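This report concerns only the one structure given below.
The numbers here are math on the coordinates, done by the rules we state, and not lab data. Because the structure is predicted, anything quoted here is derived from the model rather than measured. Because the Cβ atoms are built from the backbone with ideal geometry, glycine has one as well, and the counts that use them run over all protein chains shown.
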Amino acid sequence: MSEIGQTQALRTQMHIGGRWVDAGSGATFESTSPATGEVLGVLPEAGAEDARAAVAAAGRAAERLAGLSTYDRARLCHGVADAIERRREELARLLSLEQGKPYAEAFGEVGFAAELFRNAGEDVKRLETRIIPSADPRKRILTIRQPHGVVAVITPWNYPVGIPSQYLSASLAVGNAVVWKPAPTTSLVAARLLECLLEAGVPEDGFNLVFGGAEVGEEMVSNPGVHAVGFTGSAAVGAAVARQAAAKPLLLELGGNGPTIILDDADLELAVEGAAWGAFSNAGQICQSSERILVDSRVQDAVVEGLVRKAGAIRLGHPLDEGTTMGPLNNEGVAAKVDEHLADAVEKGAVIVAGGGGRVGGFPTRLYYEPHVLDQVPLHSLLNVDETFGPVAPVIGVADLDEALAIANSNRFGLACSVYTSNLSRAFRVAERLQCGVVNVNESAAYWDGRTPFGGYSGKASGVGRLGGVAVIEAMTQLKSIVMHVGDGVL
Ligand code: NAD
């Protein structure tokens with residue numbers, strides 16, 4: 001059980017201009033554990049004024065950060081990775097308690113975050129630009145990559161250490177100053193992650209952390225002192241952020257709705273393994289989860305049986321208890337959405353083959369949710385149409401590949417898909433035709449190695465731009481062209 005929970009609540013301040021501070025208004029909010037309901041910490045609740053102070057501080061630090069050499073910034077990235085690794089257990093424990101995921105998953109996420117900082121430190125050293133052949137022999141044209149200046153980073157609660165680390169590592173690597181606003185329900189672990197940056201010696205006023213909700217986020221995005229925005233969150237808020245940010249460079253990583261496609265020639269054991277992992281790890285609160293499983297009807301029964309077995313093997317429990325494989329959902333909003341989607345599917349004719357009880361009693365909070373498998377999910381049900389974000393594996397039978405592609409591509413989302421087949425050329429053709437940013441072949445939709453370009457398909461509601469390795473490093477920079485008149489060659 002939690003030492004944090006058993007002792008007194010943590011008090012954590014915001015970090016603005018190199019100092020840990022309270023909100024100007026003195027307002028506070030509590031971070032409660034979805035696992036126990038206990039108050040883990042009391043945090044300052046920022047207003048627009050605090051966000052403005054953070055933006056101003058970042059603005060003062062931006063030139064200094066940009067002025068560090070690439071190798072100095074790379075060393076800082078490795079220093080942050082070292083600090084995260086040193087504090088890996090402590091971070092994982094708090095992440096688990098505050099977010100709700102099992103300790104083993106939290107431990108993996110923290111390790112992943114350290115790797116992101118190491119990768120950014122290496123990728124930035126290999127970032128090269130071009131000399132462009134000129135039409136005029138008296139000119140030389142070259143491009144350089146420069147930081148944006150001040151970047152607003154706004155992140156969600158489902159991977160509260162891993163997702164921010166993408167933006168923070170790339171920003172540090174290229175020399176942006178940052179104002180970061182984590183989701184309110186995972187603000188405590190955010191403060192611990194920021195401490196790792198400070199321990200590594202990053203310029204203290206260059207990395208600012210503010211807590212709060214929409215008011216703070218809106219101020220950050222629209223403030224003229226912010227030059228670019230990195231946002232991960234829901235499609236609805238992402239659309240609002242895009243409007244507020246107007247013409248600023250934007251990286252938007254938004255919702256997803258799968259699907260996972262299982263063809264009749266697939267290795268079914270592998271397919272069931274990947275689909276179940278995508279549906280149930282992190283209690284299904286993954287933008288890349290197996291939100292919909294489109295199965296060739298010839299193998300549908302076998303897949304459903306396999307998923308039922310997987311759901312039955314899950315051990316729901318306190319995230320810090322050894323043996324727990326699924327913890328509670330993070331908050332009431334997400335639990336209510338899962339309730340709504342399940343009720344809607346059943347009303348429209350879906351058949352529940354595993355679960356059916358919804359929230360499970362006997363735990364300290366109402367956020368523990370039974371894993372569900374549903375078969376014969378109708379196309380007009382919310383499970384197929386919308387993102388559910390819970391421990392649900394909805395199966396939809398399809399007659400053939402064309403039907404699977406039509407259903408997959410008719411969705412408004414287009415983030416990460418997966419296809420299972422033993423026919424390589426079929427896999428490739430499906431991958432080319434799926435309207436999503438990432439296609440995993442014979443691998444779970446939820447798989448991502450952190451350096452693969454990752455983001456939404458054009459014209460869909462899943463976002464704009466790409467995270468991942470060199471892609472996010474480039475996204476955190478702007479390209480400048482320098483044209484030099486060198487004359488006619490007379491020395
Ligand atoms: P959310 O959109 O509710 O909140 C995300 C962040 O935006 C939070 O920090 C929130 O406080 C802030 N925010 C809220 N209103 C705002 C506003 N008006 N202006 C600026 N900021 C505002 O999302 P969530 O519930 O925290 O996260 C779940 C969502 O995130 C899901 O839809 C999921 O698919 C998506 N997600 C996407 C990816 C990806 O890489 N594409 C990864 C993880 C999660």
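Below is a table of values for the structure above.
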item: By average C-beta atoms within 10 angstrom, highest first, the peptides 18-31, 400-413, 162-175, 466-479; result: 162-175, 466-479, 400-413, 18-31
item: Taking 196, 287 and counting other C-beta atoms within 10 Å, the order from fewest to most; result: 196, 287
item: Selected from 363, 202, 21, residue furthest toward positive end of dipole (the chain; charges at beta carbon); result: 202
item: Relative packing of peptides 253-265, 378-390 - highest average C-beta neighbours within 10 Å first; result: 253-265, 378-390
item: Greater than 24 Å apart at Cα, pairs in 101/181; 101/348; 125/181; 181/480; 139/480; 337/460; result: 101/348; 125/181; 181/480
item: At 0.692 mPa s and 37 °C, Stokes diffusion of segment 215-257 via Kirkwood alpha-carbon radius, µm² per second; result: 317 µm²/s
item: √(5λ) per eigenvalue of the Cα gyration tensor, the chain, largest first, Å; result: 38, 30, 19
item: Peptides 70-78, 214-222, 134-142 ordered by average Cβ neighbours within 10 Å, highest first; result: 214-222, 70-78, 134-142
item: Relative contact order (percent, whole number), segment 48-153, Cα cutoff 8 Å, 6+ residue spacing; result: 31 percent
item: Within the chain, helix-based [θ] at 222 nm, where runs of 4 or more DSSP H residues each add -39,500 (n - 2.57), nearest 500; result: -12000 deg cm²/dmol
item: Residue 135/residue 339 FRET efficiency (R0 56 Å; Cβ-Cβ; nearest 0.05); result: 0.30
item: Nearby aspartates and glutamates by direct alpha-carbon distance to residue 248 (threshold 20 angstrom, same-chain neighbours under 8 apart not counted); result: 63, 215, 218, 219, 474
item: Over 19 Å [Cα-Cα, segment 343-448], rounded percent; result: 52 percent
